[in-house]
Amino acid sequence: MTIADVTPAPRRSGFSRRQALKIVAATAAIPVAVTGWRLLGPAATFHTWEGEVLGAVSSLTLYHSNAAYAQRTIDRMIAEVRRLETVFSLFRPTSELSQLNTQGRIAGASRDLVTVMEAARSASDLTGGAFDTTVQPLWNVYSSHFAVPGADPAGPSPAAIDAARRLVGYRNIDIGSRSVAFAVPGMMATLNGIAQGYITDAIADILRNEGFTHVVVELGETRVVGEHPDGRPWRVGLRDQAGETNRMMDLSDGSVALHGGYGTVFDPEGRNHHIFDPATGRSADRYTDVVILSPRAIVADAIGVGLYVAGEEGAAAVVAAYPGTSAVFTRRDGSRVTIG
């Protein structure tokens with residue numbers, strides 16, 4: 001949804017895609033060996049912040065023995081998150097992304113915006129355009145259509161979709177060292193398919209560099225630093241379209257992202273949702289979901305969207321471009337295939 005769009009938001013199907021992953025029992029009891037008071041001071045414990053980042057339910061959990069230091073660190077990290085929201089938010093009129101969408105160009109762009117735009121272009125190239133940040137006009141058309149009482153559940157008219165599709169095309173974004181511009185008037189971008197991963201990585205990298213070894217970052221995407229303090233991997237629960245945890249994954253020092261159209265839907269049946277196929281202007285429907293495991297959250301974020309649209313056929317080349325990355329496709333018949 002753009003700043004100017006005042007139509008009601010599409011319906012959430014009980015939970016959002018950003019809530020489809022959850023670190024399970026992150027603060028479960030720690031073995032006796034690391035509980036209680038030690039000779040040199042208090043034992044480490046979990047310190048957690050919960051809130052919202054770019055519209056996503058979010059949290060940040062650190063494991064540290066100094067509560068005051070941990071809290072100061074969390075405060076600094078959230079301040080950095082809020083700074084990055086001034087770059088990427090669709091809902092702040094003064095953000096760089098909003099200015100780009102309004103003016104068609106932004107000079108003096110931040111390094112953050114340029115970096116994400118360049119990473120998005122790489123993901124778009126690798127997925128043959130299946131991942132495309134310029135699908136915001138499609139979102140606007142669907143959002144406006146379903147805001148009308150009694151709207152056709154099949155979705156917007158072919159003419160409306162075609163008109164929006166003419167504004168979609170990542171190759172029409174000109175990226176300079178300090179500028180970003182649209183080559184076609186009326187184009188708009190959304191970075192919701194990549195900026196959360198970028199923010200998640202930024203915070204995880206800072207904490208790792210500052211010496212934190214047990215961290216869970218869930219800022220729209222999920223990444224962990226190190227292992228659980230008791231020496232095992234973190235346990236990640238994956239929720240299905242009913243909101244039930246139906247799979248568990250182990251995660252150590254990496255990220256995981258789940259992409260499924262059921263997170264944000266426009267119609268009661270869920271046939272129209274937020275992951276659009278740029279080639280057709282319709283919501284992608286080949287898979288129930290795609291899970292990406294990768295060292296970097298920005299990769300798990302972006303290529304997951306692209307592979308959900310493009311499918312498993314070319315996935316091997318995509319995941320091979322990012323060492324340590326794999327993709328798990330859940331087909332409509334319930335079968336799964338892992339690539340990478």
### Query
Could you list, in sequence order, the residues of the stretch 289-313 that are over 17 Å from the mean Cα position of the chain (by Cα) and in contact (Cβ under 8 Å) with a residue 12 or more places away in the chain?
ALA310, GLY311, GLU312
### Unique residue being out of contact with any Cys (no Cβ under 8 Å at 6 or more places or on another chain), charged (D, E, K, R), farther than 12 Å from VAL180 by Cβ and surrounded by fewer than 19 Cβ atoms within 10 Å (Cβ to Cβ) when the list is ARG111, ARG83
ARG83
### Task
Check off (1) in a helix (DSSP H, G or I); (2) among the acidic types (Asp, Glu); (3) out of contact with any strand residue (DSSP E or B) (no Cβ under 6 Å at 6 or more places or on another chain) for ASP285 and give me the number that stays unchecked.
(1)
### Task
Would you check which residues across the stretch 289-328 are crowded, with 19+ Cβ neighbours inside 10 Å and farther than 22 Å from THR133 by Cα and list them?
VAL328
### Task
Look through GLY193, GLY176, GLY197, GLY155 and report the one residue that is surrounded by 13 or more Cβ atoms within 10 Å (Cβ to Cβ) and farther than 21 Å from PRO295 by Cβ.
GLY155
### Query
Considering only residues of the stretch 122-134 that are part of a helix (DSSP H, G or I) and under 16 Å from the mean Cα position of the chain (by Cα), which is farthest from VAL299 (Cα to Cα)?
SER124
### Query
What number goes with the only condition from (1) at pLDDT 95 or above; (2) surrounded by fewer than 19 Cβ atoms within 10 Å (Cβ to Cβ); (3) under 20 Å from the mean Cα position of the chain (by Cα) that PHE91 does not pass?
(1)
### Query
Is it fair to say VAL290 is modelled with pLDDT of 95 or more and either in a strand (DSSP E or B) or touching a strand residue (DSSP E or B) at 6+ places or on another chain (Cβ under 8 Å) (or both)?
yes
### Summary
Just one listed residue, out of ASP250, ASP267, is of a type outside the set (Gly, Ala, Ser) and in a loop (DSSP other than H, G, I, E, B), and it is ASP267
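Please go through the stretch 214-240 and give me each residue that is of a type in the set (Gly, Ala, Ser), assigned to a loop (DSSP other than H, G, I, E, B) and surrounded by fewer than 20 Cβ atoms within 10 Å (Cβ to Cβ), ordered by number.
Residues of the stretch 214-240 of a type in the set (Gly, Ala, Ser): 220, 226, 231, 237.
Among the residues that remain, those that are also assigned to a loop (DSSP other than H, G, I, E, B) are: 220, 226, 231.
Hits for the stretch 214-240 are GLY226, GLY231.
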### Query
Any idea which of (1) within 30 Å of VAL81 (Cα to Cα); (2) buried (at least 17 other Cβ atoms within 10 Å of the Cβ); (3) out of contact with any helix residue (DSSP H, G or I) (no Cβ under 9 Å at 6 or more places or on another chain) is the one ALA204 doesn't satisfy?
(3)
### Summary
Flagged in the stretch 241-259 as crowded, with 20+ Cβ neighbours inside 10 Å and more than 17 Å from the chain's Cα centre (by Cα), in numbering order, are LEU251
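The values are calculated or read from the model by the stated rules, or taken from the named source; none is laboratory data. Here the structure is a predicted model, which is why all the values come from computation and not from measurement. Backbone-built Cβ (ideal geometry, glycine too); neighbour counts: all protein chains shown.
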